[in-house]
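A short write-up of the structure that comes next.
Read-outs: derived from the displayed coordinates by stated rules, not from any lab. Quantities reported herein were computed from a predicted structural model and do not represent experimental measurements. In this analysis, Cβ positions are derived from the backbone assuming ideal geometry, glycine residues included, and neighbour counts consider all displayed protein chains.
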Amino acid sequence: MFTKHNTTRFADALICEAEGLESLRAALEQAGVIGIRVPEVLRVNHDVLEMTGIQSKPATDETLSMLGEGLALMHRLKQSQYGWSRDNYIGLSPQPNRWSDSWGEFFVSDRLAYQVSRIRNPEIRSEFANNLEQFGKALARWLDGSCEHPSLLHGDLWSGNALFDASSPWLIDPAVYCGDREADLAMTEMFGGFGQPFYEAYDRMYARTPEYSHKRDIYNLYHYLNHYNLFGGGYLGGCQRGFDAIRSLCSQMSP
């Protein structure tokens, strides 16, 4: 058993994490995925989360392939709407949610604009807000046109939140909501990637779209903004790259 203590300033942080774990477990089961494991929630309250302990080992080509295949199968499940039924958390930050029929509008408003509103530096906040004001509607239309359907997302899928034991991959620390599956994949590349066997297995089951290379920097802008707000200027360059990608994309669109 592993016990996690609530070290955040949010009373319901562990409650939301437990709900996210159970949502992932249910979706993986519905998709028929047996290769990916999720810690079982044994007890949770505002102070502690008790769950299955994991004997972590280095990933192998086999376990990376299992993770890619299983994630693709989960992403293939069509959810009814974008968003989520309650607000939750992305790392140490609040993550606002609601239900929406427009992925693009949800992502621009509830992901990018929300993080921009939290920027403490007024000049940078104004610059980024102006970019969203200028390009947000065009970006939202493009995202709506390039997203196949709502998928349940892990939401915070960097390498630290995928663990491996001797035989299986495990998903931990989710920030779940329903969105474009390629937002999950984009984040896997943010801090070095998950290894070629993961991406090859994913693409065999559910190939990435031709637009993925354009989406990657745009989707990771959300996480760079969050990291900038939490940890400071070392992540500002990633934010700038994301807005550069938005400007470049939108400048090629017809008026």
- Message: Using Cα-Cα distances under 8 Å and only pairs 6 or more residues apart, what relative contact order does the chain have, in percent?
- Response: 22 percent
- Once Rh for the chain is found with the Kirkwood sum over Cα pairs, what is the Stokes-Einstein diffusion coefficient at 25 °C and 0.890 mPa s, in µm²/s? 131 µm²/s
- Note on the structure: Projected onto the charge dipole of the range 56-251 (unit charges on the beta-carbon of Lys, Arg, Asp and Glu, signs +1, +1, -1, -1), the Cα from 79, 212, 131 with the largest positive-side position is that of 131
- Message: With +1 on the Cβ of every Lys and Arg and -1 on the Cβ of every Asp and Glu, and nothing else charged, how large is the dipole of the range 56-251 about its Cα centre, in debye rounded to the nearest 20?
- Response: 380 debye
- Item | Filtered chymotrypsin sites (Phe, Trp or Tyr not before Pro), the range 174-212: DSSP coil and at most 16 other beta carbons within 10 Å | 191
- Neighbourhood charge, 15 Å Cβ-Cβ cut-off, centred on residue 46 and excluding it, Lys, Arg +1 and Asp, Glu -1: -2
- Item | Cut-off 13 Å between beta-carbons: net charge of the residues surrounding residue 14, Lys and Arg +1, Asp and Glu -1 | -4
- Task: Mind jotting down the distance between the C-alpha centroids of the range 136-175 and the range 2-22, whole Å?
- Result: 19 Å
- Query: Among 112-119, 91-98, what's the highest-first ranking by average C-beta atoms within 10 angstrom per residue?
  - Reply: 112-119, 91-98
- Charge tally for neighbours of residue 116 with beta carbon under 12 Å away, counting Lys, Arg as +1 and Asp, Glu as -1, is +1
- Query: Under a straight-distance cross-link criterion of Cα-Cα below 28 Å, which lysines are reachable from residue 78, leaving out those fewer than 8 residues away in the same chain?
  - Reply: 137, 215
- Item | Sequence-distant lysines (8 or more away, or on other chains) whose Cα lies within less than 29 Å of residue 57 | 4
- Query: When DSSP assigns beta bridges and you keep just the ones with both residues in the chain, what percent turn out antiparallel, to the nearest 5?
  - Reply: 95 percent
- Message: Counting other C-beta atoms within 10 Å, and keeping those with at most 15, which DSSP coil GluC sites (Glu not before Pro) do you find in the range 120-150?
- Response: 148
- Note on the structure: FRET efficiency for residue 52 and residue 26 from the Cβ-Cβ distance with R0 = 22 Å, rounded to 0.05, comes out at 0.85
